[in-house]
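Notes for the one structure printed next.
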């Protein structure tokens, strides 16, 4: 162990730092831990990605340690050496591939605290992968799950390690959503009518997010109210298919494909309703951000959505793949704007009480401290 063994030196291991929800959650956690006074590093084992720049701007070193396969011995040894060189005493890995590679390298480097994280439900491709993950539970000090649903689905598959599983919800930075003025410049910049009603969906354009059902629901909404427009924030492989579906539904000019946008807070400032139509979900940052912005959320009753939203009180839950249910709830909110505002206010209060990045980082650091203390490591306070 390096001379800094009495300080907390944390390494987050992730496949890549793209623009997805998991990558953003890891970046926010790392930045908050750095803000709390700890030494934090992030290691990518497949690719870097645009979120790396956000971390580097926050003075968090981002390392690239490419892996040819999950258990490639040369790659694992390279990661082991990196951990030793940096004096790492806490490794937290994120999702299946890093959970395998990072756990093995962490133990070979004699890192005292090795934690794996599940941001979504594991979907092992083979029996071999299942058994690898099951056996590596011996080497993990803890497994962090982003929701009770993720925890229970994981335990249903793995069949043991319940005592090692801890639920720590994702959190967001509330400061971004406080005192945000309506971003009226977006109307002119993107050719949007300022007097329209806006439904917003912030998600990658991929199959599990089920934008196809959302477009069908939007068609039903437009049939009842011609002043409604749909804002789609996000990129993905299905954009072409969704644009064709938009044309087939004769919704051109009402559905706006806006690509990736960093200024989510500003887009939420012009929206009246937020929708997440996903098939599966770990614990959505989009839902939390919409709630923090006091925008009523309609989300599918899957995964962590069930724990973030109290149906009919702080938002609405609908069955997955059900366009009629989404349209019904959206039309109700449009027709009852005072109810929509009331739901938004209650939702924002819940986020402030339960789902801040400060709470997430605090509970995670407490878990680290407990593991290190149990092993006899005394960590200085920042």
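How many residues are on the phi > 0 side of the Ramachandran plot and under 18 Å from the mean Cα position of the chain (by Cα) when one looks only at segment 19-74?
1
What number of residues within segment 285-306 satisfy the criterion of being under 19 Å from residue 234 (Cα atoms), assigned to a helix (DSSP H, G or I) and touching a residue at least 40 places away in the same chain (Cβ under 8 Å)?
Summing the residues that are under 19 Å from residue 234 (Cα atoms), assigned to a helix (DSSP H, G or I) and touching a residue at least 40 places away in the same chain (Cβ under 8 Å) in segment 285-306 gives 6.
Of 46, 84, which residue is farther than 21 Å from residue 140 by Cα, in contact (Cβ under 8 Å) with a residue 24 or more places away in the chain and assigned by TED's automatic domain parsing to the domain that holds residue 146?
46
Any idea how many residues of segment 338-361 are free of Cβ contacts under 8 Å to residues at least 12 places away in the same chain and out of contact with any helix residue (DSSP H, G or I) (no Cβ under 8 Å at 6 or more places or on another chain)?
Filtering segment 338-361 down to residues free of Cβ contacts under 8 Å to residues at least 12 places away in the same chain leaves 338-339, 342, 349, 353.
Now restrict to residues that are out of contact with any helix residue (DSSP H, G or I) (no Cβ under 8 Å at 6 or more places or on another chain): 338, 342, 349, 353.
Total satisfying the criteria: 4.
Name the strands (runs of 3 or more DSSP E) wholly within segment 126-206 that hold at least 1 residues that are assigned by TED's automatic domain parsing to the domain that holds residue 305, over 25 Å from the mean Cα position of the chain (by Cα) and in contact (Cβ under 8 Å) with a residue 40 or more places away in the chain?
Qualifying strands (runs of 3 or more DSSP E): 197-202.
Which condition does residue 134 not pass, out of (1) out of contact with any helix residue (DSSP H, G or I) (no Cβ under 6 Å at 6 or more places or on another chain); (2) farther than 25 Å from residue 27 by Cα, if it passes all the others?
(1)
Do you know which residues across segment 307-328 are surrounded by fewer than 24 Cβ atoms within 10 Å (Cβ to Cβ) and in a helix (DSSP H, G or I)?
Scanning segment 307-328 gives 307, 323, 324, 325, 327, 328.
The values are calculated or read from the model by the stated rules, or taken from the named source; none is laboratory data. Just so we're clear, the structure is a prediction, and the values are computed from it rather than from any experiment. We place every Cβ from the backbone using ideal geometry, glycine too, and count neighbours over all the protein chains shown.
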